[in-house]
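The values are calculated or read from the model by the stated rules, or taken from the named source; none is laboratory data. What you are looking at is a predicted structure, and each value in this text was computed from that prediction instead of being measured. Because the Cβ atoms are built from the backbone with ideal geometry, glycine has one as well, and the counts that use them run over all protein chains shown.
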Amino acid sequence: MERPQDAVLRTVEERDIRFVRLWFSDILGTLKSVAISPADLEIAFSEGIGIDGSAIEGLTRAYESDMLLRPDPATFQIMPWRGEADGTARMMCDILTPDGEPAASDPRRVLKDALARAEAQGLEFFTHPEIEFYLMQQPPAPGEPLRPVDQAGYFDHVHRAAGQDFRRTVIQHLESMNILVEYSHHENGPGQNEIDLRYADALTTADNILTFRTVVKEVALSMGQVATFMPKPMIEHPGSGMHTHLSLFQGGRNAFHEPGAEYGLSRMGRQFIAGLLRHAPEYCAVTNQFVNSYKRLWGAQEAPSYVTWGHNNRSALVRVPYHKPTKGTSSRIEFRGADSAANPYLAFAALLAAGLAGVEGEYDLPEGAEDTVWELTERERQALGYEPLPSDLFRALERFEESELMAATLGEQVFEFFLRDKRAEWHRYREQVTEVEIASTFSRI
């Protein structure tokens with residue numbers, strides 16, 4: 001029987017691949033890469049490729065610097081933007097300790113462990129992300145405003161627009177790498193785009209998101225532009241979210257579907273939502289990991305700021321989309337809190353853990369919010385019991401630090417590094433004196 005790596009070795013030879021990039025992620029979701037020659041592939045599959053892990057933030061401690069990268073042959077794909085001659089391919093990697101054990105600091109391992117816990121209960125976790133980002137002209141000089149490539153809005157068809165050519169090229173590259181796209185369109189903000197990836201198991205989706213970000217940035221640079229996944233790059237325009245549709249399957253059937261139930265949503269689906277809601281303040285730092293993330297969450301414009309759920313309510317943290325009554329696989333929930341800069345491995349692990357806590361604890365689902373939460377007064381929100389999400393990274397980290405669920409889900413090493421790194425980010429931010437402060441205070445006192 002042919003081994004998965006045999007197909008990779010054969011393709012490398014047949015397609016004249018000269019470089020193979022081994023991709024992995026640090027704890028913050030930054031893509032890392034090591035290039036090897038085809039001659040080293042056999043060793044990479046059997047033994048792993050050694051790297052100095054102490055040079056990668058959060059990967060290991062200085063006195064444990066040696067780590068191994070072991071490529072996953074199922075993720076092998078040729079990188080189309082590198083050209084046909086002297087081709088380049090990539091594989092996602094698992095990070096191992098020198099004795100071949102999974103590294104506690106590997107974000108991909110964190111998600112695989114979370115999926116294994118679900119699998120032990122006969123459950124498979126599927127995700128479908130809607131990824132937003134801004135496309136800008138080349139960065140201006142310091143102090144000058146950002147310049148989007150267009151001034152279009154939601155679903156606008158802009159004739160001969162750079163964005164349309166851009167999205168088409170991105171999609172062609174993605175699909176040539178077997179990453180299927182469902183929709184693409186212009187978003188609300190000028191130069192803002194959205195590309196939605198098709199449903200896949202959560203690990204495949206997380207791998208695909210890292211590839212997606214790379215493809216988007218490579219295509220933008222090739223067109224003399226720059227793409228950013230920053231959650232809120234401009235004050236007056238919407239932030240970039242990553243609304244993600246979630247579903248659990250059990251025995252090949254959608255465990256969130258129940259014929260005849262309200263919204264077609266099963267008891268398990270309702271408990272899963274209840275888990276997402278109850279633990280939302282605890283995992284918010286993971287799904288929204290930057291200081292800037294909270295400028296999006298608290299900037300209105302359909303971003304969720306309160307722990308609510310609803311059906312047609314796009315201000316809710318969790319939404320139950322319309323489903324086709326005769327198509328059980330379409331029952332799902334949409335988590336609207338994550339932004340496009342989240343580490344997908346950690347974010348999906350956190351969401352799965354929170355949802356399953358609701359299922360295992362048989363949490364009751366509170367009443368849904370059908371009013372736009374932003375239009376209610378603070379007193380009305382309090383009367384309805386709508387808890388706010390953390391309003392900034394500092395408050396999010398306070399809730400994260402107290403969470404036994406997050407500590408157990410991420411593991412001690414990832415949990416401690418993430419907390420330490422994000423506290424340092426908040427400290428750097430707090431030290432800054434901004435132009436807004438100078439404009440509002442300097443001449444008044």
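Suppose we filter the stretch 51-73 for residues that are at pLDDT 75 or above and surrounded by 15 or more Cβ atoms within 10 Å (Cβ to Cβ); how many remain?
Residues of the stretch 51-73 that are at pLDDT 75 or above, as a first pass: 51-52, 66-73.
After this cut, where a residue has to be surrounded by 15 or more Cβ atoms within 10 Å (Cβ to Cβ) as well, the list is 51, 67-73.
Matching residues across the stretch 51-73 total 8.
Can you tell me which of Leu210, Leu123, Leu203 is within 26 Å of Gly337 (Cα to Cα), modelled with pLDDT of 95 or more, assigned by TED's automatic domain parsing to the domain that holds Gly252 and more than 19 Å from the chain's Cα centre (by Cα)?
Working: Leu210 fails: more than 19 Å from the chain's Cα centre (by Cα); Leu203 fails: more than 19 Å from the chain's Cα centre (by Cα).
After ruling out the rest, the residue left standing is Leu123.
What is the one condition in (1) in a loop (DSSP other than H, G, I, E, B); (2) touching a Leu at 6+ places or on another chain (Cβ under 7 Å) that Leu210 does not satisfy?
Exception for Leu210: condition (1).
Residue check: is Ala407 under 20 Å from the mean Cα position of the chain (by Cα), small (Gly, Ala, Ser) and either under 22 Å from Lys295 (Cα atoms) or not assigned by TED's automatic domain parsing to the domain that holds Gln121 (or both)? Don't jump to the end; show me each part of the working.
Working: under 20 Å from the mean Cα position of the chain (by Cα): yes; small (Gly, Ala, Ser): yes; either under 22 Å from Lys295 (Cα atoms) or not assigned by TED's automatic domain parsing to the domain that holds Gln121 (or both): no.
Here the answer is no, as Ala407 does not meet what is asked.
If you scan the stretch 1-45, which residues turn out to be among the hydroxyl-bearing types (Ser, Thr, Tyr) and assigned to a helix (DSSP H, G or I)?
Thr11
Could you please tell me which pairs satisfy a Cβ distance under 8 Å, a separation of 6+ or placement on different chains, a first residue in the stretch 1-16 that is under 17 Å from Asp40 (Cβ atoms), and a second residue that is of a type in the set (A, V, I, L, M) and in a loop (DSSP other than H, G, I, E, B)?
Qualifying pairs under 8 Å: Asp16/Ala85.
Which one is farthest from Asn313 (Cα to Cα) among residues in the stretch 367-394 that are surrounded by 12 or more Cβ atoms within 10 Å (Cβ to Cβ) and free of Cβ contacts under 8 Å to residues at least 12 places away in the same chain?
Among residues in the stretch 367-394 that are surrounded by 12 or more Cβ atoms within 10 Å (Cβ to Cβ) and free of Cβ contacts under 8 Å to residues at least 12 places away in the same chain, the one farthest from Asn313 (Cα to Cα) is Gln382.
Go through the stretch 255-288 and report how many residues are charged (D, E, K, R) and touching a strand residue (DSSP E or B) at 6+ places or on another chain (Cβ under 7 Å). Walk me through it before giving the result.
Restricting attention to the stretch 255-288, the residues satisfying the condition of being charged (D, E, K, R) are 258, 262, 267, 270, 278, 282.
With touching a strand residue (DSSP E or B) at 6+ places or on another chain (Cβ under 7 Å) added as a condition, the list becomes 258.
Count: 1.
Report yes if some residue within the stretch 134-144 is farther than 26 Å from Gly299 by Cα, touching a Pro at 6+ places or on another chain (Cβ under 9 Å) and in contact (Cβ under 8 Å) with a residue 24 or more places away in the chain; otherwise report no.
There is no residue in the stretch 134-144 that is farther than 26 Å from Gly299 by Cα, touching a Pro at 6+ places or on another chain (Cβ under 9 Å) and in contact (Cβ under 8 Å) with a residue 24 or more places away in the chain.
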